[in-house]
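What follows is a single structure, written as structure tokens, with notes after it.
The values are calculated or read from the model by the stated rules, or taken from the named source; none is laboratory data. None of these values were measured; they are calculated from a predicted model. Note that we place each Cβ from the backbone using ideal geometry, even for glycine, and neighbour counts take in every protein chain shown. Side chains are part of the model used for accessible areas, which takes the heavy atoms of the whole protein and leaves out ligands, DNA and RNA. Shrake-Rupley method; radii C 1.70, N 1.55, O 1.52, S 1.80 Å.
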Amino acid sequence: MDELMLDGNAVAGLLQEVFAVEMTTATGLCGGCGATNAIGALHVFRGAGVVLRCPHCDNALMKIVTDSGRVWIALSGMKTVELHA
Amino acid sequence: MAGTAVLGRLTWQVAEVVDVVTETPRVKTIVFDVPGWAGHRAGQHVDVRLTAEDGYQAQRSYSIASAPNGTRVELTVERLDDGEVSLYLTDELRPGDQIELRGPVGGYFVWEPSQGGPLLLVAGGSGVVPLMAMVRARAAAGSHADTRLVLSSRSWENVIYRDELERLEGGGLRVVHTLTRSQPADWTGYARRIDAEMLAEIGPEPSEEPRGYVCGPTPFVEAVAEALVQLGHDPRTIRTERFGATGG
């Protein structure tokens, strides 16, 4: 267990900035173990950017790095994202 | 990012401090007036942005402590000795000062009175903040939903919202304290970390299908969530929110 770990709730603002909709209630399907989780329940690690990991298998689902005026998003670990209206 | 047409839904707003309330030796509530505030739901956050004279910016996410109430937004902030944002918020801000914030954001760790109960709210230290928003929203709505708030604090002096919780108790709300480091001489309550036995005593039973909200430092949240699942609660009914030492 990592004390520096947060969860998806802590990056709700960043996610909404990137995706322009509320994302913590969206569900993501992990490409590693197949678990579905609310984005708010994903484990979040901050470094040069933000990494969101599957709480079941630690697979990196989403990586976001922001710079002034630019944003890089990698969704390589996530099979699908389901948004709820 | 902010300010473009597509992303205009989340913009930085100026918030003015109208009051600063000392909750405990390390915790303060800052009451803001945010003109044009569109309202929020209990459990939602705001992002706070501070800008130094040289342009350096620091940004943090804080849970909203207050129930929806016009343009008033309250944040309860714990002072972290090495926290560049929390030190400014707790030590420097005075009525009349302005900061930037945006929100409300989040929707996962949220409860609305219309969802009803029973509710099981479990907090470690300042993890009580979003749960207090729920307790206050419940009271404001006149809800009598069965609500049990379990609050773990280091000592009686460190219990955030102590007096208000005492006033709000009853009418379906039960508040249970556990004091983990030191207790008053006449203390008869819990004096240990929250565990499965304690949660079983407090209830509600898993068969009552309470909505669980657990908020605190990561090790606290992991331990409580694990204990609840061990007692037979459905993991899908337990929502968690972690805050870490990176809070600052």
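Points worth noting:
Residue-wise test of (1) outside the structural domain of B:Phe220 (by TED's automatic domain parsing); (2) more than 18 Å from the chain's Cα centre (by Cα); (3) open to solvent by less than 60 Å² (accessible area, probe 1.4 Å); (4) of a type outside the set (Asp, Glu).
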position: B:Met132; (1), (2), (3), (4): no, no, yes, yes
position: B:Ala139; (1), (2), (3), (4): no, no, yes, yes
position: B:Ala145; (1), (2), (3), (4): no, yes, yes, yes
position: B:Arg148; (1), (2), (3), (4): no, no, yes, yes
position: B:Ser153; (1), (2), (3), (4): no, no, yes, yes
position: B:Asp163; (1), (2), (3), (4): no, no, no, no
position: B:Glu166; (1), (2), (3), (4): no, no, no, no
position: B:Gly172; (1), (2), (3), (4): no, yes, yes, yes
position: B:Thr188; (1), (2), (3), (4): no, yes, no, yes
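- Selection over segment B:41-61 of residues that are in a strand (DSSP E or B), touching a Ser or Thr at 6+ places or on another chain (Cβ under 8 Å) and in contact (Cβ under 8 Å) with a residue 40 or more places away in the chain gives a count of 5.
- Boolean, B:Val214 is modelled with pLDDT of 95 or more, in contact with a helix residue (DSSP H, G or I) (Cβ under 9 Å, 6 or more places away or on another chain), of a type outside the set (D, E, K, R) and under 19 Å from A:Val44 (Cβ atoms): yes
- Test: residue in segment A:69-78 that is within 10 Å of chain B (Cβ to nearest Cβ) and of a type in the set (Phe, Trp, Tyr): no
- In segment B:75-95, the count of residues that are crowded, with 16+ Cβ neighbours inside 10 Å, modelled with pLDDT of 90 or more, outside the structural domain of B:Glu164 (by TED's automatic domain parsing) and among the acidic types (Asp, Glu) is one or more.
- A single entry from A:Thr25, A:Thr66 fulfils the requirement of being open to solvent by 30 Å² or more (accessible area, probe 1.4 Å), part of a loop (DSSP other than H, G, I, E, B) and within 8 Å of chain B (Cβ to nearest Cβ): A:Thr25.
- Within segment A:36-55, the residues that satisfy the criterion of being under 22 Å from B:Ile238 (Cα atoms) and within 11 Å of another protein chain (Cβ to nearest Cβ) are A:Thr36, A:Asn37, A:Ala38, A:Ile39, A:Gly40, A:Ala41, A:Leu42, A:His43, A:Val44, A:Phe45, A:Pro55.
- Residue within segment A:29-45 that is within 20 Å of B:Gln44 (Cβ to Cβ), touching a residue at least 24 places away in the same chain (Cβ under 8 Å), open to solvent by 10 Å² or more (accessible area, probe 1.4 Å) and touching a strand residue (DSSP E or B) at 6+ places or on another chain (Cβ under 9 Å) present: yes
- The lone exception for B:Gly36 - which of (1) farther than 19 Å from B:Glu241 by Cβ; (2) open to solvent by 50 Å² or more (accessible area, probe 1.4 Å); (3) at pLDDT 95 or above it fails: (3)
- Of note, A:Ala10 does not satisfy the criterion of being more than 16 Å from B:Gln59 (Cα to Cα) and either surrounded by 17 or more Cβ atoms within 10 Å (Cβ to Cβ) or hydroxyl-bearing (Ser, Thr, Tyr) (or both).
- Residue among A:Asn59, A:Asn9 that is more than 9 Å from chain B (Cβ to nearest Cβ), within 23 Å of B:Val221 (Cα to Cα) and among the polar types (S, T, N, Q): A:Asn59
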